[in-house]
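S.K.: This is the structure I have questions about; it appears just below.
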Amino acid sequence: MQKLGDFRVPNFFNYPPYFTLQPIRETREKQVQLWKELILDYCRSQKVFIIGLEEEFPLFSNPAIQRSLSHESREVFLSALVAEGRAEWIDKNHRKCLVLWLRIQDWADHVINFVKENELEDVL
């Protein structure tokens, strides 16, 4: 299995068609889902918070198979994360994206649970 630093990429990362947006709806939906999971897993494990569409990002190319994602593909995959609440566009031109490892509500739940577990309610 191929690695990017200490991150192991899934098998599909070495399959050239996954670097091209697929025309068949069912195939594209599966492709988008795989890329969303890959982006989130990578960002979480490497502590990456921001992805720029026009900047170098390790997942957006695979030199071993000489493939790179197009700008359109990058935007489709990141927009899918935004639609799910797993990312937010930082700028109005949609060139930089803040990746949320957890949805905002999930973060809020973690904070509330931490406060309750540590009996910090009504401390102030």
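S.K.: Checking the condition modelled with pLDDT of 90 or more and either within 20 Å of GLU56 (Cβ to Cβ) or loosely packed, with under 13 Cβ neighbours inside 10 Å (or both), which residue from LEU98, LEU124 passes? First the steps, then the outcome.
M.R.: Numbers: LEU124 fails: modelled with pLDDT of 90 or more.
Only one candidate qualifies: LEU98.
S.K.: Follow-up. Just give me the residues in the stretch 10-32 being under 16 Å from the mean Cα position of the chain (by Cα) and free of Cβ contacts under 8 Å to residues at least 40 places away in the same chain, in sequence order.
M.R.: Initial filter on the stretch 10-32 (under 16 Å from the mean Cα position of the chain (by Cα)): 10, 12-13, 18-19, 29-32.
Correct list: PRO10, PHE12, TYR18, GLU29, LYS30, GLN31.
S.K.: Going through VAL82, VAL48 one at a time, which residue ends up being out of contact with any Leu (no Cβ under 9 Å at 6 or more places or on another chain) and in contact (Cβ under 8 Å) with a residue 40 or more places away in the chain?
M.R.: Values: VAL82 fails: in contact (Cβ under 8 Å) with a residue 40 or more places away in the chain.
That would be VAL48, the only listed residue that is out of contact with any Leu (no Cβ under 9 Å at 6 or more places or on another chain) and in contact (Cβ under 8 Å) with a residue 40 or more places away in the chain.
S.K.: Kindly state which helices (runs of 4 or more DSSP H) lie completely within the stretch 17-124 and contain at least 1 residues that are under 20 Å from LEU4 (Cβ atoms) and among the charged types (D, E, K, R).
M.R.: Details: elements: 25-46, 71-83, 104-117.
Answer list for the stretch 17-124: 25-46, 71-83.
S.K.: Let me ask another. Those residues that are closer than 17 Å to SER45 by Cα and not hydrophobic (A, V, I, L, M, F, W, C), I need them from the stretch 1-17; list them, please.
M.R.: GLN2, LYS3, GLY5, ASP6, ARG8, PRO10
S.K.: Test SER68 against the stated conditions and say whether it is farther than 24 Å from ARG28 by Cβ, surrounded by fewer than 16 Cβ atoms within 10 Å (Cβ to Cβ), small (Gly, Ala, Ser) and in contact (Cβ under 8 Å) with a residue 12 or more places away in the chain.
M.R.: Details: farther than 24 Å from ARG28 by Cβ: no; surrounded by fewer than 16 Cβ atoms within 10 Å (Cβ to Cβ): yes; small (Gly, Ala, Ser): yes; in contact (Cβ under 8 Å) with a residue 12 or more places away in the chain: yes.
So SER68 does not fit the description; no.
S.K.: Among the candidates GLN31, GLN22, GLN2, GLN46, single out the residue that is in contact with a strand residue (DSSP E or B) (Cβ under 7 Å, 6 or more places away or on another chain) and either surrounded by 13 or more Cβ atoms within 10 Å (Cβ to Cβ) or at negative phi (or both).
M.R.: Numbers: GLN31 fails: in contact with a strand residue (DSSP E or B) (Cβ under 7 Å, 6 or more places away or on another chain); GLN22 fails: in contact with a strand residue (DSSP E or B) (Cβ under 7 Å, 6 or more places away or on another chain); GLN2 fails: in contact with a strand residue (DSSP E or B) (Cβ under 7 Å, 6 or more places away or on another chain).
Only one candidate qualifies: GLN46.
S.K.: Scan the stretch 1-41 for residues that are under 17 Å from VAL82 (Cβ atoms) and at pLDDT below 95 and jot them down.
M.R.: none
The values are calculated or read from the model by the stated rules, or taken from the named source; none is laboratory data. On a predicted model such as this, the values are computed, not experimentally measured, just so you know. Counting neighbours? That spans all protein chains shown, and the Cβs are built from the backbone with ideal geometry, glycine included.
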